[in-house]
Amino acid sequence: MSNRRAILSGLVLLAIGATVSADAQPLGRDTQTSSSCQIGTIKKGASGKQCDVPIPQSCKVAINTTTNTHWADIEKSSGISCRFDSKLTDWKTRITGTCGACQARQCSAKFTVYFDCPQPDSKSPKAP
């Protein structure tokens, strides 16, 4: 039974590692990338935790064409509610994720935002 558990744990960790790594993907003239921030080890009863998602230089937040909203995701443990703070977030210069009180023994959250970034112009001369 412990071998089965070890194999299952290994597969879960492998899957998590595959979802966390984000490679830039070309989208026509733009490249897509993601950026995230994480709030870890929130103890039971603690609230008011927040983090700022870094915005890559010269990139803009991608729009989810299905929902016509900013393309963003929140992964969180059970026992906590999290959101992008509408008062602190303008989606251009600052993106802030915030969480309420942790109701479980320990909570965590990860805020991910996807961006469209211009590809470097390969025709322009390179600086010496």
Which residue pairs have Cβ atoms under 8 Å apart, sit 6 or more places apart or on different chains, and have a first residue in the range 82-99 that is closer than 13 Å to Gln50 by Cβ and a second that is among the acidic types (Asp, Glu) and outside any strand (DSSP E or B)?
Thr96/Asp85; Gly97/Asp85; Thr98/Asp85
Yes or no: Phe115 under 18 Å from Thr33 (Cβ atoms), assigned to a strand (DSSP E or B), touching a Gly at 6+ places or on another chain (Cβ under 7 Å) and modelled with pLDDT of 95 or more?
no
Scan the range 39-59 for residues that are surrounded by fewer than 13 Cβ atoms within 10 Å (Cβ to Cβ) and either without any contact (Cβ under 8 Å) to a residue 40 or more places away in the chain or assigned to a strand (DSSP E or B) (or both) and jot them down.
Gly40, Thr41, Lys43, Pro54, Gln57
If you go through the range 100-119 one residue at a time, how many are among the aliphatic types (A, V, I, L, M) and without any contact (Cβ under 8 Å) to a residue 60 or more places away in the chain?
1
Cβ-Cβ distance below 6 Å, separation of 6 or more or different chains: which pairs start in the range 60-81 with a residue that is within 30 Å of Gly45 (Cβ to Cβ) and end on one that is at pLDDT 95 or above and among the β-branched types (Val, Ile, Thr)?
Ala72/Val113; Asp73/Thr112
Only one of Thr89, Thr96 that is at pLDDT 95 or above, surrounded by 15 or more Cβ atoms within 10 Å (Cβ to Cβ), over 14 Å from the mean Cα position of the chain (by Cα) and not basic (Lys, Arg):
Thr89
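The values are calculated or read from the model by the stated rules, or taken from the named source; none is laboratory data. Given the structure is predicted, the values throughout are model-derived calculations rather than measurements. Ideal geometry is used to build each Cβ from the backbone, glycine not excepted, and the neighbour counts take in all protein chains shown.
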